[in-house]
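Throughout, read-outs are computed from the coordinates displayed, never taken from laboratory work. From a predicted model like this one, the values you see are computed outputs, not experimental measurements. Cβ placement follows ideal geometry from the backbone for every residue including glycine, while neighbour counts extend to all protein chains displayed.
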Amino acid sequence: MERPGYYGGFGGAFIPEILVATLEQLRVAFEQIKNDPSFWKAFQSLMSTYSCRPTPLTYSENLTRHFNGPHFYIKREDLNHTGAHKLNNVIGQGLVVQRMGKSRVIAETGAGQHGVATATMAAKFGFECMIYMGEVDVARQRPNVFWMEQLGATVVTVRDGARTLKDAINEALRDWATNMDTTHYVLGTVCGPHPYPEMVAYFQSIIGSEAREQMLGQVGRLPSRVYACVGGGSNALGIFQGFLGDSEVELVGVEAGGKGLKSGKHASRLASADGSVGVAQGYKTYFLQNDDGQMLETHSVAAGLDYIGVSPILAAYHEQGSIRFEAATNEEVLEATRLTMRKEGIIPALESAHALACVFREAPQMSADDVILINLSGRGDKDIFTIADALGDESWKRFITTKAEAYSA
């Protein structure tokens, strides 16, 4: 029998002694809610009235016709409140914070969606809120920074290291170690020390349970393949949990291929040869690191996918062969974003577009009898600056230039 908090040889809680009691308090609180049948019902009820659960399952007729092959279905987490799957986890953790009697929450964010979701939860429950965000991500996700601040959160720009997600996590951990009596760290993905991977997976499993029921109800069968993008892995594990026991369903996680897996500028831990097992930020998994265990810089057009590590749960499934991992390049992602907008009138987040890119690459080899399920983890309005810049939109450039000139006048 595996030790609690371990998945195969991955996971654990490699933490300073000062955090042991705080994590034990969290573990006990989480065990209590798991064993309380009324909690999940209350969680679902709150999400159905405050958010948009269950999120719809959309048949993508135009994409199906375009590829002349498998039938495309999209799980619409982009329609969840705050624009992504992130709210599922933070509302669940907010309810746990209430049980523990703490008054302050902190979080890290890369793409900004987790930060907006945490600030939203804090506003609803009346918590003080501080969000840590790398300087690079602050620049490319300015709309989300604006909304976090308007929701009442303090956004701290992290200028250490590569100034991206891993550095934001480091700063959040330092804060937590200093203020643990009053503060809960709302970790945004299925990483970190135990019980975080298990807890975040528990709340995100609502995606998979809904998707399975919707597929059987609307389509009358399970999908041939389920695709999801993978940064830390919470949206992927969320939907995969609905189908893990089904041998006829192939699960495909899509990482950030950046400028190519041989370029050294990517964030692929499992689909590339560059990931290796190590311990960092409180847990054991595959990281992008050098031979001395120093973390490497990552790259992705999507701010939410350029993380050095991956969920220990997904690492275990990778070694078991239960989930296939692929990567999509920036170029493929931008083309998939454009095609999805033009064919379906859906604007995907750049993170989610990694899953779409892999689907579009593999669909021509599939048959008309196949059914594909794609988890659209978020919407793309947050990425307007990155997408407009990457597509070289001249009218957008003129608009930004005019605005800048007006402000400087």
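Under the √(5λ) rule applied to the eigenvalues of the Cα gyration tensor, what semi-axes describe the equivalent ellipsoid of the stretch 52-131? Give them in Å, descending.
35, 12, 8
So what are the ³J(HN,Hα) numbers for the stretch 98-108, from phi and the Karplus equation (6.51, -1.76, 1.60; θ = phi - 60°), rounded to whole Hz, Gly and Pro as x?
So the J values, rounded to whole Hz, are 4, 5, 7, x, 8, 10, 9, 10, 10, 7, 9.
Taking +1 at the Cβ of each Lys and Arg and -1 at the Cβ of each Asp and Glu, which of ALA390, ILE374, PRO348 sits farthest along the dipole of the stretch 346-409 towards its positive end, judged by Cα position relative to the Cα centre?
Of the listed residues, the answer is ALA390.
Here is the link list: LYS34/LYS86; LYS75/LYS102; LYS166/LYS259; LYS166/LYS382; LYS265/LYS343; LYS86/LYS343. Which ones come out longer than 28 Å on Cα distance?
On the way: LYS34/LYS86 20 Å; LYS75/LYS102 34 Å; LYS166/LYS259 20 Å; LYS166/LYS382 20 Å; LYS265/LYS343 30 Å; LYS86/LYS343 26 Å.
In this structure, LYS75/LYS102; LYS265/LYS343 lie more than 28 Å apart at Cα.
Enumerate the amide H contacts of GLU326 below 5 Å, restricted to partners 5 or more residues apart or on another chain; note that Pro and chain-start residues carry no placed amide H.
GLY253, VAL254, GLU255
Taking amide H positions as placed 1.01 Å from N in the peptide plane, with prolines and chain starts having none, which residues 5 or more places from ALA280, or on another chain, fall under 5 Å of its amide H?
Distant-sequence amide H within range of ALA280: THR285.
I need the phi-derived Karplus couplings for the stretch 334-348: 6.51 cos²θ - 1.76 cosθ + 1.60, θ = phi - 60°, integer Hz, Gly and Pro marked x.
Ordered by residue, 3J(HN,Hα) equals 5, 5, 5, 4, 4, 5, 5, 4, 6, 8, 10, x, 10, 9, x Hz.
Can you run phi through the Karplus equation (6.51, -1.76, 1.60; θ = phi - 60°) for the stretch 212-226 and list ³J(HN,Hα) in whole Hz, with x for Gly and Pro?
Rounded to whole hertz, the list is 4, 4, 5, 4, 5, x, 8, 9, x, 7, 8, x, 6, 9, 10.
Using the Cα centre as the reference, give the magnitude of the dipole from point charges on the C-beta atoms of the stretch 36-129 (Lys, Arg: +1; Asp, Glu: -1; all else neutral), rounded to the nearest 20 debye.
In debye, rounded to 20, the stretch 36-129 gives about 160.
Pairwise over distinct Cα atoms, reciprocal of the mean inverse distance: report the Kirkwood radius of the stretch 267-409 in Å, one decimal place.
Across the stretch 267-409, the inverse of the average 1/r is 17.4 Å.
Find the centroid of the Cα atoms in the stretch 316-339 and in the stretch 159-179, then give the distance between the two in whole Å.
Using only Cα atoms to place each centre, the spacing works out to 27 Å.
Name the residues whose placed amide hydrogens come within less than 5 Å of the amide hydrogen of GLY260, ignoring near sequence neighbours (fewer than 5 apart) on the same chain.
Amide H to amide H, under 5 Å and 5 or more residues apart or across chains, GLY260 pairs with ASN330.
Find the Rg to Rh ratio for the stretch 60-214, where Rh is the Kirkwood radius over alpha-carbon pairs and Rg uses the same atoms.
1.04
With the radius of gyration and the Kirkwood radius both derived from the Cα set of the stretch 187-281, what is their ratio Rg to Rh?
Working: Rg = 15.1 Å, Rh = 14.7 Å.
Expressed as Rg/Rh, it is 1.03.
Taking every alpha carbon pair in the chain, what does the distance histogram look like in 20 angstrom bins from 0, in percent?
Going out from 0 Å in 20 Å bins, the chain shows 29, 60, 11, 0 percent.
Report the one residue of MET100, CYS129, ASN68 whose Cα lies farthest in the direction of the positive end of the charge dipole of the stretch 50-189 (charges on C-beta: Lys and Arg +1, Asp and Glu -1; origin at the Cα centre).
Towards the positive end, the residue furthest out is ASN68.
Quick one: putting +1 on the C-beta of Lys and Arg, -1 on the C-beta of Asp and Glu, what dipole do you get for the chain around its Cα centre, in Debye to the nearest 20?
I would put it at about 680 debye.
Using the alpha-carbon centroid of each, what span in Å lies between the stretch 105-133 and the stretch 1-66?
The stretch 105-133 and the stretch 1-66 have Cα centres separated by 17 Å.
Dipole magnitude of the stretch 251-330 about its Cα centre, charges +1 at Lys/Arg Cβ and -1 at Asp/Glu Cβ only, in debye to the nearest 20?
So the magnitude is around 160 debye.
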